[in-house]
1. Looking at this model, which pairs from Lys71/Lys330; Lys74/Lys278; Lys39/Lys60; Lys345/Lys370; Lys278/Lys398; Lys33/Lys387 are more than 24 angstrom apart at the alpha-carbon?
2. Based on Cβ point charges of +1 for Lys and Arg and -1 for Asp and Glu, what charge dipole magnitude is obtained for the chain about its Cα centre, in debye rounded to the nearest 20?
3. May I ask you to order 327-337, 298-308 by the average number of other C-beta atoms within 10 Å around their residues, highest value first?
4. Less than 14 Å apart at the alpha-carbon level, and either on another chain or at least 8 residues along: which aspartates and glutamates does that give for Lys85?
5. Can you give the convex hull volume per residue for the Cα atoms of the stretch 436-574, as a whole number of Å³?
6. Expressed as a whole number of Å, what is the distance separating the alpha-carbon centroids of the stretch 1-68 and the stretch 381-415?
7. If you average the sequence gap of Cα pairs under 8 Å that are 6 or more apart and divide by the length of the chain, what percent do you get for the contact order?
8. For the stretch 90-212, just list the percent of Cα-Cα distances falling in each 10 Å bin from zero outward, please.
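Every read-out reported here was derived from the displayed coordinates using simple, explicitly stated rules and does not represent laboratory data. It should be emphasised that the depicted structure is a prediction, and the values quoted were computed from it without experimental measurement. Cβ sites come from the backbone with ideal geometry, for glycine too, and all protein chains shown count toward neighbours.
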Amino acid sequence: MEQSAEILFTLSPSEVLNLKEGINFLRNKEYGKNYIIFKDKHSMRACKNMCKHQGGLFVKDIEDLDGRVVKCSKHNWKLNVCSMKYVNPPDSFEQDELVIEETDDGRLQLLELQPPDPWEIEPRPEESIKPGEVQITYLTHACMELKLGDKKMIFDPWLMGPAFSRGWWLLHEPPSDWLDRICTADLIYISHMHSDHLSYYTLEKVSKKKADIPIYVGNTSRPVFWYLNRSGVTLTNINIVPFGVWQKVNENLRFMILMDGIHPEMDTCIIVEYKGHKILNTVDCTRPNGGRLPKNVDVMMSDFAGGASGFPMTFTGGKYTESWKADFIKTERKKLLNYKANLVKDLQPKVYCPFAGYFTEAHPSDRYIKETNTKISAEELNNTIRKLTTTVSTWTPKPGATLDLARILQDPTDSQAITDPPAKTKIYKDDWGFDIYINAIDASINDEIFKHQTWMQFYFRWAGFQGYDLVVRVIETDEDFNNHPDGYNFLVYFKDLTFPSDRPALVHRYEEVKCRIGVLRHAVKHGLLWDDLYIGYQTRLSRDPDVYHHQFWNHFQIKLPLQPPNWDSFLKDNKSSP
């Protein structure tokens, strides 16, 4: 299939003449899309007015004196449209450029090159399906059970224990027979390595019953199962598949894993096709498949809730007052609600189901986060979708509820198309067994490693991040983020990876990371990614100046070494000097 180009926007000859030197903001009123053209004396460059971070809208940056930089209204990321490189945070993304073509009659067209859609390769016509032939059952959070003829597929099984260390807990009580459901599946798809999708607590239980259950993941640059060998979980049938290639299960069933356009190193989504009927699951992808997705699929499911980040709830000082946080969260949720609803409107699936957002900050120590971190509800999103379009059926699932695809396609009002769990079924969890999991995490506090103050130098040298002008102060705290009596308070200067006793006198960027001692030491000991600290709300952060350090956080959240620190070697070298 050959690559084509789509015309996104056309300027008339008079509009071309009215383009000014520097930055021009343009809007396609018919489709509600925004673009930027940067013009100088010799050339023009163009891009979509959409930040690559989380899809925010760029506006004029009043601090830019050269007229080359725009600022995202969402998180203040800055793009130099002359170079199409982000200057804040530096050395992060590059903006995707549009092609500019001038027509013979003096018009200007903005074009986007369109690679072939991989799901259109070897297309299959839709065949009729019978009631009961294709059924989708919601278990909890992002875990769905798909019955597809005589095959059964499971998405992202997180059904027990916390995620992101001890920060996220399941909102819904999964069906009591969840373990049997998973172990009798023909295949499991795991979208990415975040612990609300790749749950080692859940998989440990599964592996003891069926270690050879087939599991499929995308071929991301950061392996999904990078931690498997040291997790204590034995799984013997993990299949890593290429992106954009149909994986045949049988003559009726196939699936295709696609990468995220913003985080291709880790996030994926999936299309499942049975007898020509497509189910699209975009999971947590910020821009699934770079924004190119199939339209008119039978079922679409995606995350919906927001609030899956430490920002801004865990930030302190400066502008981060309670009123600022409340205003930010309110505005952010409104933007997210509109984005998700309009995406569904554009793609026009026959049925839409919000999932992968049913978590709660249930532990009493995180009461502040739970009260501050307000989320979009599934029903709120579905109500918004119904206001935008009347052609999409919506489903707000309950644990154990089942959607019958044949019935709902034949008649969206069919009362038997969706079967809810029995009336007395427990829907929401009220007991999470906190102590079992938190005690296991806190067991690292008294590990022999941390009796030697040089553990921090050993750890950060293992981490391998340096050459960046940033001083980070790490403070180990108790549950309430007060200094722990047995904790360390130390500095790391990443420019030359030194560990000064006091902040350097020279001008430098500074960030303070307060972290619960058990969580930090557990992550350090096992070489875990810092998502457990940040997305798990286990930190309190302040920075001077108030600038996001993309390189620092990106390294510790994605790029830590695949092999853990060699603590045996460390203890051997330090055995004589506690």
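1. Check vs 24 Å cut-off fails for Lys74/Lys278; Lys345/Lys370.
2. Numbers: 70 positive and 78 negative charges, 93 e Å.
Roughly 440 debye for the chain.
3. 298-308, 327-337
4. Cross-link targets: Glu94, Asp96, Glu97.
5. Convex hull volume per residue, Cα atoms: 118 Å³.
6. 38
7. The value is 12 percent.
8. 10, 27, 21, 19, 13, 7, 2, 0
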